[in-house]
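This report refers to the structure that appears directly beneath it.
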Amino acid sequence: MLYIKEYLVNFSVLITIIYLAGFLYKQFLVNSSQKLIAFSLVMIAILAGWCSMFFGIHLNDSVIFDLRFIPIIIATMYARNPFYILFVGVGIGLARFSFGVTEAASAGFITLLILSGVGMILSWATRSWSVYSKMFLVVFSLNFVNTGSIGYLGVIPLSEYLQVILPSSLPINILLSFFILWIVKDLSDEYVYKTQLINSARKDPLTQLYNRRAFMHYYELYTTKKKDVLPLSVAFIDIDHFKNVNDAYGHIVGDVVLQKVSSLIKNNLRSIDIISRYGGEEFVVILPFCNEEDARQIMERIRYTTETHPIVVEDLNINITLSVGIATSPVIEAKKLLEEADSALYAAKENGRNQVESAKKDNIVSSMVAYN
């Protein structure tokens with residue numbers, strides 16, 4: 001007979017581990033390296049398989065029937081690297097021997113190798129499929145492979161196989177596989193949705209750069225908590241006479257100009273630099289591990305590229321120039337970098353625009369006359 005209580009316990013254990021894994025990922029792993037994330041999730045999948053066997057359905061003294069194959073189904077659906085599926089299968093297969101080195105354990109190990117091999121093939125073959133098409137194929141294929149392997153290897157008595165596994169266990173396993181994958185998908189979709197909401201709250205909708213609020217978060221982080229990023233530079237960038245662009249061509253063209261200038265700036269920065277749209281036509285950049293000379297070189301390259309490459313909008317060629325102010329710590333006190341970079345920007349504007357100015361210690365620009 002099929003042991004309903006043990007089946008429910010087995011299923012509940014898997015659900016618990018899935019939710020705990022989701023919590024662990026969102027709270028601790030999301031900002032970790034891809035290798036650490038992959039290693040952690042593989043180990044969790046192996047743990048889930050082992051727990052499924054620990055709370056398994058004991059058909060007799062040596063044969064354990066359980067849901068150890070479901071972590072392989074999940075890995076087949078979501079693993080970025082097909083070899084992770086093999087690692088999960090081998091790991092669960094080896095974990096089976098912790099309950100004793102028996103013929104059933106050996107057969108279980110072989111079954112899991114077969115499942116992970118088929119899972120790798122399915123993962124590769126369905127890489128461009130829709131999630132639901134892939135889900136149907138993976139669930140049915142791996143459940144039938146699992147059941148077929150059990151029957152072929154003869155680890156379960158024929159009477160149990162014909163009376164329980166085929167008519168009862170196989171359909172239930174298929175339904176539970178779909179249900180668990182639905183839970184995993186729901187958790188994944190929820191995480192993606194929350195991430196998108198967080199990103200949208202931190203991004204400027206026009207340029208897709210960080211907004212002022214996000215910039216201030218990073219600015220506080222780099223100037224008060226991260227002491228190992230020195231030298232640290234901050235650069236204020238302003239589009240010269242941007243109001244004239246809006247007046248001459250309209251705000252729609254002006255928006256395109258802002259988008260293209262922001263892309264040009266971003267493409268000339270390093271991956272570790274933080275760039276945001278500070279407001280209007282102003283941009284601000286945090287440059288970790290960047291001294292004043294290097295910061296000037298970077299900003300001069302951006303200024304020169306902008307000056308020598310007109311912004312093309314449909315049939316218009318719009319000439320744009322930039323004024324830039326730079327402040328660098330430890331020459332300037334870290335908490336005053338933003339203020340001093342802003343002062344240097346105003347100095348660049350007062351001196352004729354289209355240039356890069358650096359803030360100097362004890363040489364604060366006093367004139368704060370704003371130009372359009």
With respect to E292, determine if the residue is closer than 30 Å to K225 by Cβ and more than 33 Å from the chain's Cα centre (by Cα).
-> no
Looking at (1) closer than 24 Å to W182 by Cβ; (2) touching a Leu at 6+ places or on another chain (Cβ under 9 Å), find the lone condition where D66 falls short.
-> (2)
Only one residue in K225, K185, K194 is at pLDDT below 90, more than 30 Å from I298 (Cα to Cα), under 36 Å from the mean Cα position of the chain (by Cα) and among the charged types (D, E, K, R), so which one is that?
-> K194
Within region 317-325, is there a residue that is without any contact (Cβ under 8 Å) to a residue 40 or more places away in the chain and either of a type in the set (A, V, I, L, M, F, W, C) or loosely packed, with under 15 Cβ neighbours inside 10 Å (or both)?
-> yes
Among the residues of region 126-155 satisfying the criterion of being of a type in the set (V, I, T) and under 28 Å from the mean Cα position of the chain (by Cα), which is nearest to N173 (Cα to Cα)?
-> V139
Show the residue pairs that are 6+ apart or on different chains and have beta-carbon atoms under 6 Å apart, the first residue being within region 74-93 and of a type outside the set (S, T, N, Q), the second being in a loop (DSSP other than H, G, I, E, B).
-> I85/A79; I92/R68
If you go through region 284-316, how many residues are farther than 16 Å from I237 by Cβ and outside any helix (DSSP H, G or I)?
-> 9
F83: among the aromatic types (F, W, Y) and either more than 24 Å from S130 (Cα to Cα) or buried (at least 19 other Cβ atoms within 10 Å of the Cβ) (or both), yes or no?
-> no
If you check A95, A104, which single one turns out to be at pLDDT 90 or above, of a type outside the set (S, T, N, Q) and open to solvent by less than 40 Å² (accessible area, probe 1.4 Å)?
-> A95
Could you please tell me which pairs satisfy a Cβ distance under 8 Å, a separation of 6+ or placement on different chains, a first residue in region 199-218 that is β-branched (V, I, T), and a second residue that is crowded, with 19+ Cβ neighbours inside 10 Å and modelled with pLDDT of 90 or more?
-> T207/L258; T207/S262; T207/R277
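One line per residue, one yes/no per condition, for (1) among the hydroxyl-bearing types (S, T, Y); (2) surrounded by 13 or more Cβ atoms within 10 Å (Cβ to Cβ); (3) in contact with a Pro (Cβ under 7 Å, 6 or more places away or on another chain):
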position	(1), (2), (3)
L175	no, no, no
W182	no, no, no
S188	yes, yes, no
K194	no, no, no
I198	no, no, no
R202	no, yes, no
R213	no, no, no
Y218	yes, yes, no
Y222	yes, yes, yes
Pairs under 6 Å by beta carbon, first residue touching a residue at least 24 places away in the same chain (Cβ under 8 Å) in region 276-289, partner assigned to a strand (DSSP E or B) and of a type in the set (F, W, Y), six or more apart or different chains?
-> S276/Y210; R277/F283; V284/F236; V284/Y278
S62 vs. criteria polar (S, T, N, Q), part of a helix (DSSP H, G or I) and either within 30 Å of the chain's Cα centre (by Cα) or modelled with pLDDT under 90 (or both) = no
State the number of residues belonging to region 162-175 that are closer than 11 Å to I70 by Cα and either at pLDDT below 90 or among the polar types (S, T, N, Q) (or both).
-> 1
Any residue at all in region 235-247 that is exposed (fewer than 14 other Cβ atoms within 10 Å of the Cβ), outside any helix (DSSP H, G or I) and of a type in the set (D, E, K, R)?
-> no
Sort through E314, E339 and tell me the only one that's over 30 Å from E220 (Cβ atoms), of a type in the set (D, E) and open to solvent by 40 Å² or more (accessible area, probe 1.4 Å).
-> E314
Across region 258-274, which residue is surrounded by the fewest Cβ atoms within 10 Å (Cβ to Cβ) among those that are under 16 Å from S323 (Cα atoms) and of a type in the set (A, V, I, L, M, F, W, C)?
-> L264
Could you tell me whether M120 is open to solvent by less than 60 Å² (accessible area, probe 1.4 Å), in contact (Cβ under 8 Å) with a residue 60 or more places away in the chain and aliphatic (A, V, I, L, M)?
-> no
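The values are calculated or read from the model by the stated rules, or taken from the named source; none is laboratory data. For clarity, every value in this text was computed on a predicted model and none was experimentally measured. As a convention, Cβ positions derive from the backbone with ideal geometry for all residues, glycine included, and neighbour counts pool all protein chains shown. What goes into the accessible areas is simple: the full protein's heavy atoms, side chains included, and nothing from ligands, DNA or RNA. Shrake-Rupley method; radii C 1.70, N 1.55, O 1.52, S 1.80 Å.
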